[in-house]
1. Give the peptides A:2-8, A:42-48, A:23-29, B:18-24 in descending order of average Cβ contacts within 10 Å, highest first.
2. Considering only Cα-Cα distances, which of the following residue pairs are longer than 24 Å: B:Lys24/B:Lys73; B:Lys54/B:Lys137; A:Lys66/B:Lys54; B:Lys20/B:Lys54; B:Lys20/B:Lys86?
3. Pop out the carbon and sulfur fraction of the accessible area of the protein assembly as shown as a percent, whole number, probe 1.4 Å.
4. List the aspartates and glutamates whose alpha-carbon lies under 13 Å from that of A:Lys35, not counting same-chain residues fewer than 8 positions away?
5. Shape of chain A from its Cα gyration tensor (a ≥ b ≥ c, root eigenvalues): rounded if a/c is under 1.5, otherwise prolate when a/b > b/c, or oblate?
6. Heavy atoms only, probe 1.4 angstrom, no DNA, RNA or ligands counted: give me B:Glu34, A:Glu55 ranked by accessible area, highest first.
7. Once label points are set 7 Å from the Cα along Cα→Cβ at both B:Asp46 and B:Ser16, what is their separation, rounded to one decimal in nm?
8. Amide H to amide H, which residues 5 or more places from A:Glu37 or on other chains are under 5 Å from it, using H placed in the peptide plane?
Amino acid sequence: MKIAAVTACATGVAHTFMAKRALENAAEEQGHDIKVETQGATGIEDKLTNKDLQEADILIIASDIKLAETERFQGIKKVNIPVSDAIKNSAGLIRQIEKKLNEE
Amino acid sequence: MNEAVSDGVDTYINPSKRFKSTEKKEIFREIIDEVVDQTAYKLDKDEITADIAKREALSTTGFGNGLAIPHGKSSQIHKPLVVLMKTDQALEWEALDEKPVSIIFLLIIPKEKGETIHLKLLSRLSYHLMDKDVQDKVKKAETKKRLKEILNELLN
């Protein structure tokens, strides 16, 4: 699978980046490609390009706040979760997504 | 260790903290009290403690495996301060994995949008803290010196 993800939290310093790492670790362990954009206190980093989003099988939005530049995210399958869910169980989440996509 | 980093983010470490209270807000207060007692930082204790508690109330900062990363903003500082405290107490933190906490990384962040470089250092620290190897290293470390080395690596 090709996964695109965006993480964001209230302060934009800690959980945004912990969620990024958790998603990256889980995706890599399960053999998926992933790119995770962060919308934190320092702005948008590792920004998802149109190409990234067009190629992705799924967009995971792990956020507790209103995101910026969301027009990019239209027309793609999305999963919305609180940022803490990504930190807690990215592995389970990605397995679930894969299962769902395979069933379709 | 590189100079840009030691200039970037200050650290305060206590490898064997004994908390009097088991209540989160009191724990924050005890940490801030110690920092103010032991450093030249002049923090408004009420302001920073309230801000950390406010953030904690949004959602737990206990991210699993006995670690927590509470954080708050202070208008009295211009660059971030990372406080690392380890305790042999098992603190109830309503953590994501429901396990008690014994390692606390408390981030004190400038209220005025500090320099980007500093915030980036904090985000890098948070990013690395999800790494099991890093967590194990912190758990094993017993001395202030060793914890300082690890923190410097993470903030690098």
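The values are calculated or read from the model by the stated rules, or taken from the named source; none is laboratory data. Here the structure is a predicted model, which means the values were calculated and not measured. Note that each Cβ is placed from the backbone with ideal geometry, even for glycine, and that neighbours are counted across all protein chains shown. The protein model used for the area step is the full one, side chains on, heavy atoms only, and it has no ligands, DNA or RNA in it. Shrake-Rupley method; radii C 1.70, N 1.55, O 1.52, S 1.80 Å.
1. Answer by packing, highest mean first, reads A:2-8, A:23-29, A:42-48, B:18-24.
2. B:Lys54/B:Lys137
3. Here carbon and sulfur together make up 46 percent of the probe-accessible area.
4. Filter leaves A:Glu24, A:Glu45, A:Asp46, A:Asp52, A:Glu55, A:Asp57.
5. Here chain A falls in the oblate category.
6. Of B:Glu34, A:Glu55, the descending order of accessible area is A:Glu55, B:Glu34.
7. About 3.6 nm, to one decimal.
8. Amide H neighbours of A:Glu37: A:Ala5, A:Val6, A:Thr7.
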